[in-house]
1. When the residues of segment 239-263 are narrowed to those that are more than 19 Å from Leu297 (Cβ to Cβ) and among the basic types (Lys, Arg), which ends up nearest to ligand 1 (Cβ to nearest atom)?
2. Please find, within segment 401-424, the residue that is farthest from the chain's Cα centre (by Cα) out of those that are of a type in the set (Val, Ile, Thr) and buried (at least 22 other Cβ atoms within 10 Å of the Cβ).
3. Quick one: count up the residues across segment 99-127 that are assigned to a strand (DSSP E or B) and farther than 24 Å from Glu241 by Cβ.
4. Where residues in segment 514-547 are free of Cβ contacts under 8 Å to residues at least 40 places away in the same chain, of a type in the set (A, V, I, L, M) and open to solvent by 60 Å² or more (accessible area, probe 1.4 Å), which of them is nearest to Val480 (Cα to Cα)?
5. Give Ser89, Ser138 a once-over and let me know the one that is assigned to a helix (DSSP H, G or I) and more than 30 Å from Ile281 (Cα to Cα).
6. Looking only at segment 139-153, filter to residues that are crowded, with 17+ Cβ neighbours inside 10 Å and more than 17 Å from Ala86 (Cα to Cα); which one of those is farthest from ligand 1 (Cβ to nearest atom)?
7. For segment 256-311, how many residues are under 27 Å from Lys371 (Cα atoms) and small (Gly, Ala, Ser)?
8. From the list Glu584, Glu570, which one is closer than 26 Å to Pro439 by Cβ, touching a residue at least 60 places away in the same chain (Cβ under 8 Å) and charged (D, E, K, R)?
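The values are calculated or read from the model by the stated rules, or taken from the named source; none is laboratory data. Note that the structure is predicted; figures quoted are calculated from it, not measured. Neighbour counts run over all protein chains shown; Cβ positions are idealised from the backbone, glycine included. Ligands, DNA and RNA are stripped out before the accessible areas are found, and what is left, the full protein with its side chains, is counted by its heavy atoms. Shrake-Rupley method; radii C 1.70, N 1.55, O 1.52, S 1.80 Å.
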Amino acid sequence: MHIAVIGSGGREAALALRLRAEGNTTAQFAAPTGDLASFCGELQALCIELAVIGPEAPLAAGLADALRSVGVATVGPGQGAAQLEASKSWAKGFMARHGVATAPWRAMAVHQAELEAPTCPLPVVVKRDGLCGGKGVSVCRTPAELVAALQQAHDRDGPHALVVLEHLLVGRELSLHALVSDGQCVLLPAAMDHKRLFDQDLGPNTGGMGAVAPLPWCTPQLLADIESEVIAPTLRGLQAENIGYRGVLYFGLMLTRHGPRLLEYNVRFGDPECQVLLPLIATNLANLLMAVARGELRDQPIAVQPGFAAAVVLAAPGYPHAPQLGTIIDIPSIQDLSLAGMQATAAGWQTCAGRVATAVGQGPSLDLALKQAYCRAEPLAAQGLLLRRDIGAKAKPARVAVLASGRGSNLAALIAASSHGILQGLAQIELALFDRGAPGQSVARAAGIATHQLDSTGISPEQWAQCALPLLHQYGIEVVVLAGFARILASTLIAAYPARILNIHPADPVHYVGLHGYRWAFAQQLPATTITVHLVDAGLDSGPILAQEGVDLRGAQSLAQVEARGLQVEHRLYPQTLRNFLLEH
Ligand code: AMP
Ligand code: GLY
């Protein structure tokens, strides 16, 4: 097939590379900025059979319509549908009309927003209406940040331009890509982008510093929720409004404690998501894209490669604000990279754009895929190109240790939730640590979890911590969960996991702290008690509360009955609270 790939970034380089590897001839074009008709004429003269449009700007300018009108099969929506990305207010209106789950919002003129700013509840997310190359969104937590964001919108777009003001959502971001062809839809594996420049999501926003796919925590249950709350209403909306769509539709989602919410649509492949999705598509890509362009997706089954892919973006120093260009880079093996901001010169490969290259790795596990991607990125990083070192960290399950002293019933609930319940892919229990011989040990062993007993009798909490800390480090533990742990934790241990230790307490700490909460409730003949999940700090049951739930104790005849009612709530509340904690931290 003779295919035109339009656009000149890493995404388009990856598309062209793959299509060529399948035996097609490809020609890559920079996106036209002016005369669409003459560009279309050029493609026609070259007998292009299929055009694949990478970036959003030419789609918003109507390039797909222009190509279709001269008979070129095209992957990419027309100008009308491109509004889903090109106008935030239009997209939010579309979501509202069709019941797509999203953050509450209002759209208004910039000058109106400036009037309302002093009384606007914070935090708030300000979104400039038009295409801003990924720089149109500001999260405002202070009045000064809100004023600055509106000032920027005012200066760049004018007082009458629209802005969207939207609730800040907290959770984990994921990108879902769908190949859409007039109501037919095929989902690609869930991916995760990394928008900030520096590790731990610090620094300025960029075009994306890396990606991984698929995501271990994007379970079939979550996909079913996204399908019913976001994707299906979107496709129904497109049909109801008679908007034809033949292209890639990108759902930028936030998984919140209340479920998935749509942050944005993009009308094209994400960059660098595309670079990790292509290796996972086992089906012939040219045939697949041709089916999208012709409205024949239904007849084109898609096979997904098992395993994982990871991409690490290499950027020029100074990126994104003032990238230093013109540097000669020695590239040891060009096959392993998808080059974007590089040009061949007599002196060798020279950087010519901020986003220089993407190194992609693939493997049976996320760790192996990442290892390969970093291995390929390393020679370029050694020559001064920037990269993030923590790509994929948020995609992997958090490594959890459970500290217990007793029966291990909460331990069992946490194990069940992480192996096939609501913690699947989010938490991995790596270690169970007991301070005495206890029945809970067999619960952990039966689940194949490393189990250690560190006796606490006759030693101080500090001495116990000195034995526990090396184990926690050996297992790479990130979060500690106390499940019926009957000892005080030493301050050294708490300091090693600041705001990363959770405890469950069978009372409201306002009323009762310490051990034997159920015995206290029973002795007092209380009609109810309150189960509390809290972070552990240096005090006794005094850390910040994460969740509370009441338990009805009326009519309970024995301590055993009180405990049974409480534990039923604990076993649901603890995994749920750990899930919310992991999603939001
Ligand atoms: P966009 O420019 O539309 O691609 O949005 C850029 C980024 O802004 C998203 O990927 C999110 O990280 C963030 N964002 C957008 N809307 C919200 C929101 N309502 N709450 C929190 N973050 C948001
Ligand atoms: N990776 C996000 C985007 O392409 O917009």
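1. Per the criteria, the residue is Arg261.
2. Our first condition is that a residue be of a type in the set (Val, Ile, Thr); within segment 401-424, this holds for 402, 415, 422.
Those still in the list that are buried (at least 22 other Cβ atoms within 10 Å of the Cβ) too: 402, 415.
Values: Val402: 26, Ile415: 24 Å.
Among those that are of a type in the set (Val, Ile, Thr) and buried (at least 22 other Cβ atoms within 10 Å of the Cβ), it is Val402.
3. Within segment 99-127, the subset assigned to a strand (DSSP E or B) is 102, 105-109, 124-127.
When the remaining residues are screened for being farther than 24 Å from Glu241 by Cβ, the result is 109, 124-126.
Qualifying residue count for the region: 4.
4. Checking each candidate, the answer is Ile545.
5. Details: Ser138 fails: assigned to a helix (DSSP H, G or I).
None of the other options fit; the residue is Ser89.
6. The first filter runs over segment 139-153 and keeps only residues crowded, with 17+ Cβ neighbours inside 10 Å, leaving 140, 146, 149-150, 152-153.
Adding the requirement that they be more than 17 Å from Ala86 (Cα to Cα) leaves 140, 146, 149-150, 152.
Details: Cys140: 11, Leu146: 14, Ala149: 12, Leu150: 16, Gln152: 14 Å.
Result: Leu150.
7. Looking only at segment 256-311, we keep the residues that are under 27 Å from Lys371 (Cα atoms), and these are 269-285, 303-311.
In the following step, the residues that additionally are small (Gly, Ala, Ser) were identified as 270, 282, 303, 307, 309-311.
Residues meeting the conditions: 7.
8. Working: Glu584 fails: closer than 26 Å to Pro439 by Cβ.
Being closer than 26 Å to Pro439 by Cβ, touching a residue at least 60 places away in the same chain (Cβ under 8 Å) and charged (D, E, K, R) holds for just one of Glu584, Glu570, which is Glu570.
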